[in-house]
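No value in this document is a laboratory result; all are computed from the given coordinates. Model, not experiment: these values are computed from the prediction. Here the Cβ is made from the backbone with ideal geometry for all residues, glycine too, and neighbour counts use every protein chain on show.
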Amino acid sequence: MLVVVGTDKHPFDRLVDWLRSWHRTVPDRVALTVQHGYTKAVGVPGALAFLGHDELHAAISTADLVICHGGPATILEVRRHGRVPIVVPRDPSHGEHVDDHQLRFARRLGAAGLVVVCETPAAFVATLTAGLAEPARFVSRADPDSARQREAAVARIGETVEQLVVAANGRRSWWWPWSRSPWSGARG
């Protein structure tokens, strides 16, 4: 099981406390990897402050269940890896974030059936219990093409910006953001 609280400087004690309490009931059945960021994770097995980009993606890909904060980028990465995230959104009323965007985003995706939102300890425990009993409920179709599509979109945006620069000043800029030589016109 992977738990990701993100890199926000605000502690997310509520999620870690819920996890710690729940894990005491199943310590021999569940191996944890917990990316806890700036949150204290005393007594939580598998706790790591941060994971590198590649380590995080590998952990998402191999986890049976992924629990995460309500960060849009985190949720979308978990979905891209073919997992339905169990989302505990950060709540500004608990000092966990500066605004309620995670609550709003998670609730909208939850209503669409794209995530499972847990806003109470009871919902959290019930969802993890269901996930252990039937992990396949938390698997979705992976979208490996999304990375290629994103790279192609970034390249198109770069080309559009370059065309606008040329149109505005009549020459190519000295900076070339993608791997193409401005002098040869060839891609590298």
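Couple of notes before you dig in:
- The relative contact order of the stretch 1-74, computed from alpha carbon pairs under 8 Å that lie at least 6 residues apart in sequence, is 43 percent.
- The value given for the stretch 1-140 is a Kirkwood hydrodynamic radius of 14.7 Å, derived from the mean inverse Cα-Cα separation.
- Amide H partners (placed H, <5 Å) of Arg83, local residues excluded: Ser140
- Per-peptide average of other Cβ atoms within 10 Å, ordering 36-47, 52-63, 21-32, 77-88 highest first: 77-88, 36-47, 52-63, 21-32
- Long-range amide H partners of Val117 with built H, under 5 Å: Val87
- Charge dipole (the stretch 1-67, unit charges on Cβ, about Cα centre) - positive-most of Val16, Val4, Gly37: Val16
- Dipole orientation for the stretch 1-111: of the candidates Val87, Leu51, Ala111, Ala111 has the Cα lying most toward the positive pole (charges on Cβ; Lys, Arg +1; Asp, Glu -1).
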